1. For the range 257-267, does any single residue satisfy the condition of being at pLDDT below 95, closer than 24 Å to residue 169 by Cα, of a type in the set (Gly, Ala, Ser) and assigned by TED's automatic domain parsing to the domain that holds residue 384?
2. Just to be sure, is residue 269 part of a loop (DSSP other than H, G, I, E, B) and surrounded by 23 or more Cβ atoms within 10 Å (Cβ to Cβ)?
3. Hey, does the range 22-32 have a residue that's buried (at least 24 other Cβ atoms within 10 Å of the Cβ), of a type in the set (A, V, I, L, M), over 29 Å from residue 211 (Cβ atoms) and assigned by TED's automatic domain parsing to the domain that holds residue 84?
4. Go through (1) crowded, with 23+ Cβ neighbours inside 10 Å; (2) of a type outside the set (Val, Ile, Thr); (3) out of contact with any helix residue (DSSP H, G or I) (no Cβ under 8 Å at 6 or more places or on another chain) for residue 339 and report which single condition fails.
5. Among the candidates 37, 64, 26, which residue alone is at negative phi and at pLDDT below 95?
6. Of all residues in the range 313-360 being under 13 Å from the mean Cα position of the chain (by Cα) and outside any helix (DSSP H, G or I), which is nearest to residue 372 (Cα to Cα)?
7. Can you find a residue that is in the same structural domain as residue 101 (by TED's automatic domain parsing), among the aliphatic types (A, V, I, L, M) and within 30 Å of residue 93 (Cβ to Cβ) anywhere in the range 154-163?
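The values are calculated or read from the model by the stated rules, or taken from the named source; none is laboratory data. Since the model is a prediction, treat every value here as computed from it, not as a measurement. Glycine also receives a Cβ, built like all others from the backbone with ideal geometry; neighbour counts cover every protein chain displayed.
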Amino acid sequence: MTASPIAVTGLGLVTAVGIGAEDSWRGVCAGRSAARRNPELEGLPVDISCTVPDFDATKRVGRRSTLVHDRFVQLTVTAAREAVADSGLDPKTWDGARVGVVIGCGLGGVSTWERQHRNLLGEGPGAVSALLIPMLVPNMVAGHLAMEFGATGPNFVTATACASGATAIGAALDLLRDDRCDVVITGGGEAGVSPLIVTGFAQMGALSRRLDEPGAASRPFDADRDGFVIGEGSGVLVLEREVDARARGAHIRARIAGYGASADAHHMTAPDPEGAGIHRALRAALADADVAPGDVDHVNAHGTSTPLNDAAESRALRALLGTEAAVTSTKGVVGHTLGAAGAIEAALTVLTVETSTVPPTANLENQDPDIDLDIVSKAPLDRRIDVAVSDSFGFGGQNAVLVFTSA
């Protein structure tokens, strides 16, 4: 581990409850779900989602954006611009070769893929955009951020399904510790609310069928949970060594102290029912941070609102951390943003540490009696948070856990 801790000096968010960190944080703390019936999903088995409201890419990103960017890139560029501005760093003066970009994305440009496939079937090859490939491949989000900020250091995308954003932040941490970079722009972005993707999840039985009450559909850890609500968004952090941040007088929101990862090696989509892989990743992250399990004050849980995931996760958390940590799942508000989830939740965990406020878990009316955790619900909890964990898990049994500490 590097002699200097790693600081979070910039933060940007785009979620279904707001464009910008301030609006997103306010919406998450209010604890009201953003889930709504989505006209673009009309006629599908499930037509509810959590989408970013009033997002105008032309105004937010640029006049040509709709021609060259898929929505997942637009959302991430918006969050990254906020994060870099928040950090106080000036891309015009930094050494771009020492600036890395690591972004998590599970799907890539699915809306572009669907739209251009319809063009091919309906009008023939001539109607397919020449920019189809660069608009849909996931790595382009990191490429566009490099061009945006003149970041010519390490540049890549991580794809570990719904753990992608957390995996990216863990990789960014390693780049700084190994002295390969001085600054890393990291996080995740996803825009997977498309008819094909939603249908695929519905066919698996992963989505909530509470169609007559969309605002109550995502209910992590509730006895009546029946699946997740798909969402979209982006979360981006700017990381740098604390000694560098303090030398330039930067505001340090929190420290990122540890990262752990593991594989369940159990099933394509279902978690290990005992949460063994989660337990290994959590234990590794705490060891990396040199933190004892009893020191953890807060967990921003993966908490998807699916029966199997919530049960496995709660077993792992209970086994290692006990019941003292204040646990929340913000997916009840913003939905499950897939490859962006770990990054959005990491950003929200930073805000929890910084503000000593734990957001509530939306729609938790009847906590599953088999889930023996202190889950925050109804209203935010005011409590000093010195050590916080954000955990994320993905199809394929891929687990990623991050540890944050107060500055």
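1. Within the range 257-267, the subset at pLDDT below 95 is 264-267.
Still in the running and closer than 24 Å to residue 169 by Cα: 264-265.
Right, trim to of a type in the set (Gly, Ala, Ser) and you get 265.
Now narrow it down to the ones that are assigned by TED's automatic domain parsing to the domain that holds residue 384: 265.
Taking every residue of the range 257-267 in turn, at least one turns out to be at pLDDT below 95, closer than 24 Å to residue 169 by Cα, of a type in the set (Gly, Ala, Ser) and assigned by TED's automatic domain parsing to the domain that holds residue 384.
2. Working: part of a loop (DSSP other than H, G, I, E, B): yes; surrounded by 23 or more Cβ atoms within 10 Å (Cβ to Cβ): no.
When the stated conditions are applied, residue 269 does not pass them.
3. No, the conditions are met nowhere in the range 22-32.
4. Here residue 339 clears every test but (3).
5. Numbers: 37 fails: at pLDDT below 95; 26 fails: at pLDDT below 95.
After applying the criteria, what remains is 64.
6. In this case the residue turns out to be 329.
7. Within the range 154-163, the subset in the same structural domain as residue 101 (by TED's automatic domain parsing) is 154-163.
From what is left, the residues that are among the aliphatic types (A, V, I, L, M) are 157, 159, 161, 163.
Narrowing further to those that are within 30 Å of residue 93 (Cβ to Cβ): 157.
Looking for residues that are in the same structural domain as residue 101 (by TED's automatic domain parsing), among the aliphatic types (A, V, I, L, M) and within 30 Å of residue 93 (Cβ to Cβ), one finds at least one in the range 154-163, hence yes.
Table: residues versus (1) touching a Ser or Thr at 6+ places or on another chain (Cβ under 6 Å); (2) buried (at least 24 other Cβ atoms within 10 Å of the Cβ).
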residue	(1), (2)
79	yes, yes
94	no, no
97	yes, no
101	no, yes
109	no, yes
123	no, no
